[in-house]
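Heads up, the thing below is written out as structure tokens.
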Amino acid sequence: MIVVAANPYRGATRPRERVQALAQALAATGTQVQVVWDAPHRARLLGDAAMLAGVSCVVAAGGDGTVATVINELAGDVPLAVLPLGNENLFARAIGTPADPLALARAIAAGRTRPLDLGRATTSECTRRFGLMLSVGFDADVVHRIARARGAGTPRRVSRLSYLPCVAGALARYRHSPVAITVGRAKMRGALCVVSNLPQYAMTLSLTPAARGDDGLLDWLAFERPGLSALAGYAWAVARGRHQSLSHVRHGRARKVTLTSEIPVPVQLDGDPCGFTPVEVEVLPRALRVVTV
């Protein structure tokens, strides 16, 4: 059986039609397909190792938030495929999954998979795995604001325009508190810190372009200078792909990274809030199998 864990509120147009097309294409191969739209039902199913014993593949049909949720709910060693229905679809882009439901069905039927590392972050509020990256600082504050805004209303389709009020709020109010980064015996400070498993960040940008999901390591990066003017300068350097050459940008690779601060600083994983500093981050080598084309 193949389980399709679907989210009807993602950024793509006509998500239900695309999910239905995938389900029909998979069923045409003679495979039993179960489409799950209800979040509590999905959590119970994916979190029960006994129920997953007869599942050959789980498809996360949604955006990066849906993928992150499925990764954290998945209790068994079951291959993961992704039907990208979000605004960014960074994870799907990183693993090279096709956006066309029929092409994805063929890839699932072929049964080719590869192992992928994951990261795991532990804060005072949660312990979660991530496929893409974790960040601490300004962009995490934006993610926290978006989560609060979504939690205040009825779930609905979102677009990039939905993010603008939260970005404006962070620009006006975020304090840019310093964060201490510990990597082995080395210690440094930064105003915005990123720990990546894969190179994708957002809007086709990459903060850690050399990150790989199969090397047993996490790539970390710290922008040292605080404030809006520094943030603008860093954004311009990232857009040009020159930020890692700056003397006040530190970066490297490690199996474990610790981030602390005197004042709690927001943390986000793959576009979802995950409490505040302090946070312990570690790599989980070959923790997930993903379907490949």
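The values are calculated or read from the model by the stated rules, or taken from the named source; none is laboratory data. Not measured: the values here are computed from a predicted model. Here Cβ is always computed from backbone atoms with ideal geometry, including for glycine, and neighbour counts include all displayed protein chains.
Okay, here's what the table says:
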quantity: Segment 254-274, residues that are surrounded by 21 or more Cβ atoms within 10 Å (Cβ to Cβ) and of a type in the set (Gly, Ala, Ser); calculated: 271
quantity: Filtered residues of segment 2-42 (kept if hydrophobic (A, V, I, L, M, F, W, C), out of contact with any strand residue (DSSP E or B) (no Cβ under 6 Å at 6 or more places or on another chain) and either part of a loop (DSSP other than H, G, I, E, B) or crowded, with 17+ Cβ neighbours inside 10 Å (or both)); calculated: 12, 21, 25, 28
quantity: Filter result for residue 94 (out of contact with any Pro (no Cβ under 6 Å at 6 or more places or on another chain) and not assigned by TED's automatic domain parsing to the domain that holds residue 211); calculated: yes
quantity: Segment 177-210 - residue that is in a loop (DSSP other than H, G, I, E, B) and of a type in the set (Val, Ile, Thr) and, of those, surrounded by the most Cβ atoms within 10 Å (Cβ to Cβ); calculated: 208
quantity: Only listed residue being under 30 Å from residue 180 (Cβ atoms) and surrounded by fewer than 23 Cβ atoms within 10 Å (Cβ to Cβ), chosen from 89, 72; calculated: 72
quantity: Scan of segment 242-258 for residues that are basic (Lys, Arg) and either in a strand (DSSP E or B) or under 17 Å from residue 212 (Cα atoms) (or both), ordered by number; calculated: 250, 253, 255, 256
quantity: Any hit, segment 202-222, residues being polar (S, T, N, Q) and within 23 Å of residue 129 (Cβ to Cβ); calculated: yes
